[in-house]
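Below: one structure, written as structure tokens.
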Amino acid sequence: MMYRTSTAMERFPIALSKIEGIVLGIDPGSRVTGYGVIAVDGKQLNYLASGCIKPSRGALPQRLGEIFLGVAKLIGDHGADVLAIEDVFLARNPSSALKLGQARGVAIAAGVAADLDVYEYAARAVKKAVVGTGRASKAQVQHMVRVLLNLPGVPSPDAADALAIAICHVNTAIGSGTHAAAADAGPKTRWEK
């Protein structure tokens with residue numbers, strides 16, 4: 001397996017001894033769903049993959065099906081142990097909020113169907129975990145994800161958000177000692193199997 005190793009943990013030392021495995025981060029959207037896959041191994045975050053699931057321009061049910069299948073394929077291809085996803089936020093447009101919720105729902109369903117624990121994190125919590133402030137811009141998130149994972153370039157905004165969600169889960173799990181204990185450690189929801 002090829003991946004880049006982060007040196008960020010040397011700059012920000014944290015006890016990672018109990019947290020190991022592969023985390024799939026999802027930034028849901030009905031038009032573009034970002035994904036980021038990282039492995040936690042000992043004291044290092046290792047970048048595995050990132051990108052976007054871009055469903056065809058068909059009707060919403062077909063796009064949702066493509067998102068479900070895309071997330072399911074990512075879980076299988078990378079052997080994900082945990083799925084971390086951005087929580088719902090208030091949107092000005094109710095129709096957009098409903099579509100976002102449906103995209104989240106099919107991503108969560110793909111994780112649950114694969115028997116993964118699914119964790120949800122508020123956007124502000126993700127930004128705070130990665131950048132240090134809940135009001136960080138997309139550019140700041142992209143920059144810090146690149147630095148923390150020692151990437152050669154800046155990931156796309158959706159992929160960077162998904163990687164940030166995965167990093168947020170790892171940081172939360174570290175603070176609580178295990179992936180399972182992360183369910184009790186902060187402002188998120190854990191979907192039970």
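Looking at segment 85-104, can you tell me whether even one residue there is surrounded by fewer than 23 Cβ atoms within 10 Å (Cβ to Cβ), aliphatic (A, V, I, L, M), under 17 Å from the mean Cα position of the chain (by Cα) and closer than 14 Å to residue 166 by Cα? The answer is no; no qualifying residue exists. Candidates 99, 127: the one that is over 19 Å from residue 45 (Cβ atoms) and either in a helix (DSSP H, G or I) or not charged (D, E, K, R) (or both) is 99. Which one of 155, 187 is over 21 Å from residue 46 (Cβ atoms) and either modelled with pLDDT of 95 or more or not polar (S, T, N, Q) (or both)? Checking each option against the conditions leaves just 187. Within segment 65-84, being among the small types (Gly, Ala, Ser), open to solvent by 30 Å² or more (accessible area, probe 1.4 Å) and in a loop (DSSP other than H, G, I, E, B) holds for one residue alone: 79.
Per-residue answers, yes or no, for (1) open to solvent by 30 Å² or more (accessible area, probe 1.4 Å); (2) part of a strand (DSSP E or B); (3) within 21 Å of residue 146 (Cβ to Cβ); (4) of a type in the set (Lys, Arg):
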residue: 22; (1), (2), (3), (4): no, yes, yes, no
residue: 25; (1), (2), (3), (4): no, yes, yes, no
residue: 31; (1), (2), (3), (4): yes, no, no, yes
residue: 36; (1), (2), (3), (4): no, yes, yes, no
residue: 40; (1), (2), (3), (4): no, yes, yes, no
residue: 50; (1), (2), (3), (4): yes, yes, yes, no
residue: 55; (1), (2), (3), (4): no, no, no, no
residue: 63; (1), (2), (3), (4): no, no, no, yes
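Conditions tested, residue by residue: (1) open to solvent by less than 30 Å² (accessible area, probe 1.4 Å); (2) within 14 Å of the chain's Cα centre (by Cα); (3) more than 24 Å from residue 118 (Cα to Cα).
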site	(1), (2), (3)
137	no, no, yes
141	yes, yes, no
148	yes, no, no
152	no, no, yes
155	yes, yes, no
160	yes, yes, no
163	yes, yes, no
168	yes, yes, no
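The values are calculated or read from the model by the stated rules, or taken from the named source; none is laboratory data. Note that the structure is a prediction, hence the values are computed from the model and not measured. When we count neighbours, we look across all protein chains shown, and the Cβ atoms used for this are built from the backbone with ideal geometry, even at glycine. The area values use the complete protein model at the heavy-atom level, side chains included, leaving out ligands, DNA and RNA. Shrake-Rupley method; radii C 1.70, N 1.55, O 1.52, S 1.80 Å.
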